[in-house]
Amino acid sequence: MNEQNATVAAQVSAAEDAENVSLTEMHDLCREYADTFGLMAPLCNKEVDQPLLDKLMETLYPLSSGNENVTRASRLIAGWLSKTWEGALDELRADYTATFIGHRSDGHSAAYPYESTYTSSKRLLMQGARTEVLAIYRSQGLDKQESWRNSEDHVSVEFEFIQRMFVRAANAFKRNDVEHAEFFLTTLRGFVVSHPLAWVPMLASEMRNFAKTDFYRGLSFMLVGYLQLTKQMLDEILGIEEDAQGA
């Protein structure tokens, strides 16, 4: 091999290494977001039990994230967890009920975590939003799962879908399949913008009206903050300019 060919070979090798590092970073980033949404989903779907509380205690909460909502959420949640006591689970159970379930059936006694309640004029469940998100799930080969105890437009189900799409993208990056990774992330961005980002901020605002603890107040900011970070991250990966979004 002459000197020129050796130089070219070295450049190609360096380029391949750089690409591999980049794909590895993208895999890790997608897995990180998948884990985050995988943690938030059950927090909106069920009362905190001891295993979940233990997991929350082991979680790192960024006190400086670049997103005001995530930073505020971290301070509230970490602050509450730092003062947990023997009756902490009972307090969380009571506050879960106050925040998400309420005590009346008029649609106004809690922050009901269903998209339909924010997109139908009478705050009714099982409306158009449920049909729309179910069609998106099915388009990705996902039908109703046994773990989905709630309607498909429940925030926990929408977050589980986000988690699954991040996992798919991560797996595609791991096998160097950039084309499919980009497809999954493009589909994910469209879903995030059209659905959770369109109504979860309203849910979060209502959560703060009913929550009694800093834990659930913090969760309200966390839901919005990570949706915002997700859109920002996907825009950067997919090369979507702000002007092109009309936002």
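General remarks:
- Neighbours of ASN67 by Cβ distance under 13 Å: Lys/Arg scored +1, Asp/Glu scored -1, total +2.
- Couplings 3J(HN,Hα) for the range 41-48, derived from phi with the Karplus relation 6.51 cos²θ - 1.76 cosθ + 1.60 (θ = phi - 60°), are 4, x, 5, 9, 10, 7, 5, 6 Hz, where x marks Gly and Pro.
- Between the alpha-carbon centres of the range 208-235 and the range 51-73 there is a gap of 10 Å.
- Among the protein heavy atoms, those of HIS27 account for about 40 Å² of accessible surface (1.4 Å probe, every chain in place).
- P(r) tail for the range 27-96: Cα pairs beyond 17 Å make up 49% of the total.
The values are calculated or read from the model by the stated rules, or taken from the named source; none is laboratory data. Remember, it's a predicted structure, so these values are computed and weren't measured experimentally. As a convention, Cβ positions derive from the backbone with ideal geometry for all residues, glycine included, and neighbour counts pool all protein chains shown. The protein model used for the area step is the full one, side chains on, heavy atoms only, and it has no ligands, DNA or RNA in it. Shrake-Rupley method; radii C 1.70, N 1.55, O 1.52, S 1.80 Å.
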